[in-house]
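Here, each number is a calculation from the coordinates, and none is a lab measurement. Given the structure is predicted, the values throughout are model-derived calculations rather than measurements. Cβ sites come from the backbone with ideal geometry, for glycine too, and all protein chains shown count toward neighbours.
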Amino acid sequence: MEEKQARVKEFAAELLQKQRTGEISRTILATSDRVLARITDGIYRQPSSALRELISNAYDADATEVVIETDAPKFETIKISDNGNGMTREALSNLIHNIGGSLKRTATENTFGVVDTEDPTLSPTLKRKLIGKIGIGLFAVSQLTHHFQIITKRKGDNFRLVADVILKTYTEDELAALKTKKTHNFETGTVEVKSVPDPNKNAHGTDIILLRLKKNAQDMLRSKERWLRVLAPENSEDEGVENEPDYHIGKVSIQDGSIIERSARLPWGRNDTAAKKFHKLTQVVLDKVGVEHPNPKLAHIFDNYLNTIWTLSLAAPLPYVEKHPFDIHKDDDIRAFLLSNDRKGQAEEIKFTHSRTVREIVGLETPQRPEGDTFNVLFDGVLLKRPIMFSRLPSTANAIKRPLLFVGKCAPNLSKVPEEIRGGKLSFEAYLFWNSKIVPSEHNGILLRIHDASGALFDATFLKYQTSEQVRLRQLTAEIFVKEGLDAALNIDRESFNFAHPHYLILTQWLHRAIRQFANKHKAIGSEVRDDARTQEHVRQMTRTVQIADTEWKKHKKSEAVPKIVLLSDRDTVKAERSKGKIAFSKESIIPETAHQRGNAQVQANREQKVESLVTILEAHDVLADMSYAKQEELIRAIVDLFLGE
């Protein structure tokens, strides 16, 4: 370790010395076999993963804006620029000589200026909670290219540092041979660094320029396989013919990537603002629902380029395209519930008052950002937002029409867990959002965020939830915002977790209890809605029945008031009412026993009202006038039996 730090200081001193002459300093990139194997073999699955890591680095460097520029649809170069703090000579030297050894969250390394001097978990200027940790995020670009440049400048400096990096790859045989020799530090690549004068002392930030992108990265960003399936299925490695994506960046020649064969078809117009472009990107997804498919997938609507934009928007610590779910209030017409942390607890409805939000009522803090802190990401002129929507969503014939929001927070007491395995403190906030249809369908699931950033996409299994709630789960989207902890459970790719880590296990148990609370409440609400619908229908039917009877009576008995028909259970009471001049009948005599016993009290009341209206109509037409009570009951019973009997 001391030898490595000596090299870091020595190279930083060389950079200072050669700044005056403009000479180039050369060195090699060195790392351990553990990190090298992951970098060269490919720990990241998609081009978006590498770009995500660079965005996270910019965020941790206190950037307020990141600009990504590509030469789409050729994808030969990509430039990522930020206005963050930039790197000192020492920080750049440490990065070169210490791949896999993060400067972040380590109190002993805060002299490099990349963390807060008092709290190494915070950024130096804006005091943001740091996203990065592992220290190889920059070298995720090895999945895209072997050649890139780092141009960085600190505020107040009159020079920029320009590093030209060429990465070296190893075959499996070469790695095996080196390990046999018990060599622990390998040459990962070479780097040339020079200082370039820059008179603008107020300028600061870092540019990463990816040169000569790898063919497989280009093919992926160009959607090569997709276009092959569309235009020449016989040349595709996959079976079947596929439709052209509804929106795409264009198509270049497979033989010559510099020739554009198909012009771009994008959701936005050339003159739209950066914010309007992203709004239109989300709107076309909503507009596609129910056109050719009940809920089409993003992969069908967009090519890989637009899907990359969407994926980055989900991953980065960005504001929502509309509003944070915790900022929902009564005017949003969403029912909200507070989840219980008790094992057998139940969700309780949140009563909105005035204009108070869910955040204010429950006391939620996510996102933990300093006041006034902003972070924007522009991708080829599109201002990215988190594309998770809670309004304007389509609905189905589901009995429950209003969306449901379940929120919760938890900071478990881990004192009983042995300190060596507990992984520190854990605290998080979360929401579960139900709608009869989740759009897009890829948002169905749970998304875990650490300090408001995520390396993974939605997990549709909800962390392997076992109980059979398939229909309800398909109508659920959820996010867990980890405020403290869980990062120790992150695997090196930052896209998966160590499932055995205590924090992950606790979080999984909490989520599964939350889902059970949601399911119980959803069932109860559904039952209430159906009962209410039945009540309304009964009232409607009874009202309609009475109206028909009244109309008939007034039509034929113009001057007479509509009589009150009485149905009674006791025959003696029936006789007493008749003696008073009222029209009374025994229920037992005119309503079939099977019909009388069938249904709840509301159904029976509705049935009796229909019988009373029937008697009113018969009286209006003088049908019963010359009949004995027995004959009247016989006639009414026959009519009722015709429609209500079994």
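Tell me the relative contact order for the range 349-464 as a rounded percent, counting alpha carbon contacts under 8 Å between residues six or more apart.
On the way: 95 pairs, mean separation 25.7, N = 116.
22 percent.
Need the full-extension length gain, Ala299 to Lys276, defined as separation in residues times 0.36 nm minus the C-alpha distance. One decimal, nm.
Contour length minus Cα-Cα distance gives 6.1 nm.
Please arrange Asp82, Asp331 by how many other C-beta atoms lie within 10 Å of their C-beta, fewest to most.
Exposure proxy ranking, most exposed first: Asp331, Asp82.
Between Asp327 and Asp459, what FRET efficiency comes out of the Förster formula 1/(1 + (r/R0)^6) with R0 = 25 Å and r the beta carbon distance, rounded to 0.05?
Values: r = 25 Å, r/R0 = 0.99.
It comes out at approximately 0.50.
Taking +1 at the Cβ of each Lys and Arg and -1 at the Cβ of each Asp and Glu, which of Phe278, Leu490, His329 sits farthest along the dipole of the chain towards its positive end, judged by Cα position relative to the Cα centre?
Farthest along the dipole direction, towards plus: His329.
Using a simple spin-label model with points 7 Å from Cα along the Cα→Cβ vector, what separation in nm is obtained for Val539 and Lys351?
2.3 nm
Compute the angle between helix 2-19 and the longest alpha-carbon principal axis of the chain, please, reported from 0 to 90 degrees and rounded to the nearest 10.
The answer is roughly 70 degrees.
Against the longest principal axis of the chain, how steep is helix 502-556, in degrees 0 to 90 to the nearest 10, with axes from Cα atoms?
Approximately 30 degrees, to the nearest ten.
For a test of the definition: using alpha carbon positions, the gyration tensor, and the 1.5 limit on a/c, classify the range 370-519 as rounded, prolate or oblate.
Because a/c hits 1.5 or more and a/b fails to exceed b/c, the range 370-519 counts as oblate.
Hey, can you grab everything whose amide H is under 5 Å from the amide H of Lys297? Only 5+ residues off in sequence or another chain; H modelled, so Pro and N-termini drop out.
Correct list: empty.
Give the distance, in whole Å, between the Cα centre of the range 607-646 and the Cα centre of the range 406-462.
64 Å
Taking amide H positions as placed 1.01 Å from N in the peptide plane, with prolines and chain starts having none, which residues 5 or more places from Phe497, or on another chain, fall under 5 Å of its amide H?
Amide H neighbours of Phe497, under 5 Å, 5+ apart: Asn491.
The range 239-290 to the range 349-380: how many Å between their Cα centroids?
Answer, in whole Å: 33.
Taking the alpha carbon gyration tensor of the range 563-644, what are the square roots of 5 times its eigenvalues, largest first, to the nearest whole Å?
20, 15, 12
Using the Cα centre of the range 563-644 as the reference point, and only Cβ charges (+1 on K/R, -1 on D/E), how large is the resulting charge dipole? Debye, rounded to the nearest 20.
Dipole of the range 563-644, to the nearest 20 debye: 200 debye.
Evaluate the distance, in nm, between pseudo-label points positioned 7 Å from the Cα of Glu65 and of His556 along their respective Cα→Cβ axes.
Reported label-point gap for Glu65 and His556 is 8.3 nm.
Identify the trypsin sites (Lys or Arg not before Pro) of the range 315-393 meeting these criteria: DSSP loop state and at most 10 other C-beta atoms within 10 Å of the C-beta.
Details: sites: Lys323, Lys330, Arg335, Arg343, Lys344, Lys351, Arg356, Arg359, Lys385, Arg392; in loops: Lys323, Arg343, Lys344, Lys351, Arg356, Lys385, Arg392.
Taking the range 315-393 and a limit of 10 other Cβ atoms within 10 Å, the loop trypsin sites (Lys or Arg not before Pro) found are Arg343, Lys344, Lys351, Arg392.
Rounded to the nearest 0.05, what FRET efficiency do Glu118 and Lys425 have when you use their Cβ-Cβ distance and R0 = 25 Å?
Result of the calculation: an efficiency of 0.85.
Which of rounded, prolate, oblate describes the range 312-458, given a ≥ b ≥ c as roots of the alpha-carbon gyration tensor eigenvalues and a/c under 1.5 marking rounded, otherwise prolate only if a/b is larger than b/c?
Because a/c hits 1.5 or more and a/b fails to exceed b/c, the range 312-458 counts as oblate.
Under 5 Å between amide hydrogens, which residues at least 5 positions from Phe379 or on another chain qualify, with H placed 1.01 Å from N in the peptide plane?
For Phe379, whose amide H was placed from the backbone, the distant partners under 5 Å are Ile68, Leu384.
Whole-Hz ³J(HN,Hα) for each residue in the range 374-380, computed from phi via Karplus 6.51 cos²θ - 1.76 cosθ + 1.60 with θ = phi - 60°, x for glycine and proline: what do you get?
Listing the rounded values in order: 10, 8, 10, 10, 10, 10, 6 Hz.
Run lengths n ≥ 4 of DSSP H only: what is the helix-derived mean residue ellipticity at 222 nm for the chain, with -39500 (n - 2.57) per run over all residues, to the nearest 500?
It comes out at -11000 deg cm²/dmol, rounded to the nearest 500.
For a distance above 31 Å, tell me the whole-number percent of Cα pairs in the chain that qualify.
63 percent
Measure nothing but the geometry: give the 0 to 90° angle between the long axis through the Cα atoms of 629-644 and the longest principal axis through the Cα atoms of the chain, rounded to 10°.
20 degrees
Over the chain, what is the mean sequence separation of C-alpha contacts under 8 Å (at least six apart), divided by residue count, expressed as relative contact order in percent?
11 percent
So for the range 222-381, averaging the separation of alpha carbon pairs under 8 Å that are six or more residues apart and normalising by length, what relative contact order in percent results?
Once normalised by length, the contact order is 16 percent.
Within 10 Å of each residue's Cβ, count the other Cβ atoms and sort Phe159, Phe379 from fewest upward.
The order, fewest Cβ neighbours first, is Phe159, Phe379.
Could you list, in their original order, any pairs among Lys277/Lys409; Lys297/Lys385; Lys79/Lys214; Lys215/Lys280; Lys4/Lys201; Lys323/Lys425 whose Cα atoms are separated by more than 23 Å?
Exceeds cut-off: Lys277/Lys409; Lys215/Lys280; Lys4/Lys201; Lys323/Lys425.
Have a look at the DSSP beta bridges in the chain and tell me what percent are antiparallel, nearest 5.
75 percent
With a 10 Å Cβ neighbour count serving as the proxy for reagent exposure, in which order, fewest first, do Glu560, Glu469, Glu2, Glu429 appear?
By the 10 Å Cβ count, ascending, the order reads Glu2, Glu560, Glu469, Glu429.
Using the basic label-point model (7 angstrom from Cα toward the beta carbon), what is the Glu3 to Ala232 distance in nanometres?
5.4 nm
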